[in-house]
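The structure under discussion appears below in the form of structure tokens.
Values in this text are rule-based calculations from the coordinates and carry no lab data. This one's a predicted model, so the numbers in the text were calculated from it and none came from an experiment. FYI the Cβ positions are ideal-geometry reconstructions off the backbone, even for glycines, and counts take in every protein chain you see.
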Amino acid sequence: MRSLGNRADVLDILQAADVFVFPSLHENLSIALLEAMASQLPVIATAVGGNVEVLRRGGGLLVPPRDTHALADAITRLVWSPAGRGSLAQSARSTVEEHYTLTHMLDRLSATYECILGCRRSK
């Protein structure tokens, strides 16, 4: 593995990949994860924070954090299963389109603010 540093061609890199591996130890809601999924990449990520919320809807495999054997097994499984990768890739794209577009995110933020304001008014 090597770090590529800051890049302006992230979309090209994602499109050249077969799998997005995201073994982070802590995450909130990762834009990198959503970008990979929107690029129709199947994901292997650690079961931490927002990764769990996103991938519970589809598009990838979750492995325990710091479990290198589980991570290696998941990578091997997808490397040797083009059909599995294809199915997860479709699901990844659908998950982003159905739950994480800018419109969806703004609608949920607006609903949260409306709830907060409504709760204040009723007190």
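General observations
- The structure-derived value of semi-axes √(5λ) of the Cα gyration tensor in Å appears in the list (1) 23, 18, 17; (2) 35, 16, 12; (3) 30, 16, 15 under the label (3).
- Close amide-amide hydrogen proximity is noted between F22 and I44, A45, T46, each under 5 Å apart and 5 or more residues distant or on a separate chain (H modeled in the peptide plane; Pro and chain starts excluded).
- Amide H contacts under 5 Å for Y100: none, restricted to partners 5 or more places along the chain or on a different chain, H placed in the peptide plane at 1.01 Å from N.
- Amide H contacts of G60 (H built 1.01 Å from N, under 5 Å, at least 5 apart or other chain): V43
- Residue among A74, A38, A92 with the largest mean-square fluctuation in a Gaussian network model of the chain, springs linking Cα atoms under 10 Å: A74
- Taken as Cα centroids, the range 1-35 and the range 83-111 sit 17 Å apart, rounded to the nearest whole angstrom.
- Cα gyration tensor, the range 50-114 - rounded (a/c under 1.5), prolate or oblate: oblate
- Relative contact order of the chain, pairs being alpha-carbon contacts under 8 Å that are 6 or more residues apart, as %: 23 percent
- Value of [θ]222 nm, deg cm²/dmol, for the chain, DSSP H segments ≥ 4, -39500 (n - 2.57) each, nearest 500: -18000 deg cm²/dmol
- Around the Cα centre of the range 10-98, unit charges on the Cβ atoms of Lys, Arg, Asp and Glu (plus for the first two, minus for the last two) sum to a dipole of about 200 debye.
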